[in-house]
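Undergrad: First the structure, then my questions, so here it is.
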Amino acid sequence: MRHVLAADIGGTQMRAAVVREDSAILARLSVPTAPADGFDAATERLALLFQQVAARAFAPDLSAIGISTAGPVDPTDGTYRHPPNLDGWHGRSMAPALSETLGMPVRVGHDATLAALAEARWGARSGARHLIYVTVSTGIGAGIIADGRPVLGASGGAGEVGHLIVAPGGARCAAGCPGCLEGNASGRAIALAARAAAEAGASTSLSATATAAEVFAAADAGDSVAGAIIGGAMGHLAAGIASLLAVFDPEAIILGGGVAEGLAPRWEALVEAVQERALPRYASGVPVELTALGEDVGLFGAAIWALREE
Ligand SMILES: [Zn+2]
């Protein structure tokens, strides 16, 4: 069986693994991304991490490297395009240096796109030809698989579902679009709503520095202001999901990320809220699910990207 090196690069951590073509992870390691230390230093750290993880796995036939990364990134050559969480990496690609150091082809893809591939290949919806993976975390993005292939767009920028307008006139995301999904349902949006409520003197246990996780915890403990913030975010998320169902007719929309995990105890209410906003063809149910691949979804997607035949 073939083995590949897979990496998942986020704003905080770089994770690397040796993955076998049947989805077994043979060894894994991680290091801080530390984007502020510079792009070349990060590339060298990742090359070393690959060498260490390969040595641990005793894998004889490593054939390629796959990298799943926070973006935006050009999937043809791995060049970053103004990545908001990898400051200073614009215009650079790790592929040439890694390929030269490790002697293998390197394929780079956007994390949400590769997560969607992982779900359609190795997840609960294995074999799906039409699937959307939505990551709901500090920001919101998606990977779209249509007719078995990732939808990349003309410049590799497809899948930015965080900027669907779901609340005209509502809060703005960091990019500035008024009333978009990310501005009204992301972890950042939840934290900003908590700050506004605390600063307005609302009767709540939330502080002006509350994180999204703390808002979820307060809502679970019965804080009605926190509950209303989560309820509002959930309604906007449901509107975005219903819109995606209408446009793409996917077999499933899979949700992952910290905010999606926080919604797990409220899953029935979320599904109901999607159903209320969905087309009549979804009268008997909406195919909306929480990921079962957990935090390995990025490594799996990177491995599948490296293993692809074309
Ligand atoms: Zn936006």
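Undergrad: Rank-order 211-222, 8-19 by packing density, defined as the average count of other C-beta atoms within 10 Å over each peptide's residues, highest first.
TA: Numbers: 211-222: 18.2, 8-19: 22.1.
Going by the mean number of other Cβ atoms within 10 Å, highest first, we get 8-19, 211-222.
Undergrad: Tell me the mean residue ellipticity at 222 nm calculated for the chain from its helices only (DSSP H runs of n ≥ 4, each -39500 (n - 2.57), averaged over every residue, nearest 500). Mind showing how you got there, number by number?
TA: Details: 10 runs with 118 residues, N = 310.
-12000 deg cm²/dmol, from helical runs alone.
Undergrad: By average Cβ neighbour count within 10 Å, what is the ranking of 121-133, 275-287, 190-202 from highest down?
TA: Final packing ranking: 121-133, 190-202, 275-287.
Undergrad: Now a separate question. Where both partners of a DSSP beta bridge lie in the stretch 127-292, what percent of those bridges are antiparallel, to the nearest 5?
TA: 55
Undergrad: In the chain, which Cys residues have no partner Cys with a Cβ closer than 4.7 Å?
TA: Lacking a cysteine Cβ partner under 4.7 Å: CYS173.
Undergrad: Listed highest first by mean packing, meaning other Cβ atoms within 10 Å per residue, what order do 223-232, 51-60 come in?
TA: So the peptides 223-232, 51-60, ranked by packing, come out 223-232, 51-60.
Undergrad: Between ASP220 and GLN52, what is the label-point separation in nm under the 7 Å Cα-to-beta-carbon projection?
TA: 3.2
Undergrad: What are the semi-axes of the equivalent ellipsoid for the stretch 127-292, taken as the square roots of 5 times the Cα gyration tensor eigenvalues, largest first, in whole Å?
TA: Over the Cα atoms of the stretch 127-292, the semi-axes work out to 28, 17, 13 Å.
Undergrad: For ASP87 and THR209, what is the calculated FRET efficiency with R₀ set at 30 Å and r taken between the beta-carbons, to the nearest 0.05?
TA: The calculated FRET efficiency here is 0.85.
Undergrad: Treating only the Cβ atoms of Lys and Arg (+1) and Asp and Glu (-1) as charged, compute the dipole magnitude of the chain about its Cα centre; round to the nearest 20 debye.
TA: Magnitude of the dipole: close to 160 debye.
Undergrad: Now for a different question. Return, for the Cα atoms of the chain, the radius of gyration and Dmax in Å, separated by a comma.
TA: Final numbers for Rg and Dmax: 19.8, 62 Å.
Undergrad: Work out Dmax and Rg for the stretch 1-128 from the C-alpha atoms and quote the Rg first, both in angstrom.
TA: 14.0, 41
Where a number appears in this text, it was derived from the coordinates with a stated rule and is not lab data. Note that the coordinates shown come from a computational prediction; the quantities given were computed from them, not determined experimentally. Here Cβ is always computed from backbone atoms with ideal geometry, including for glycine, and neighbour counts include all displayed protein chains.
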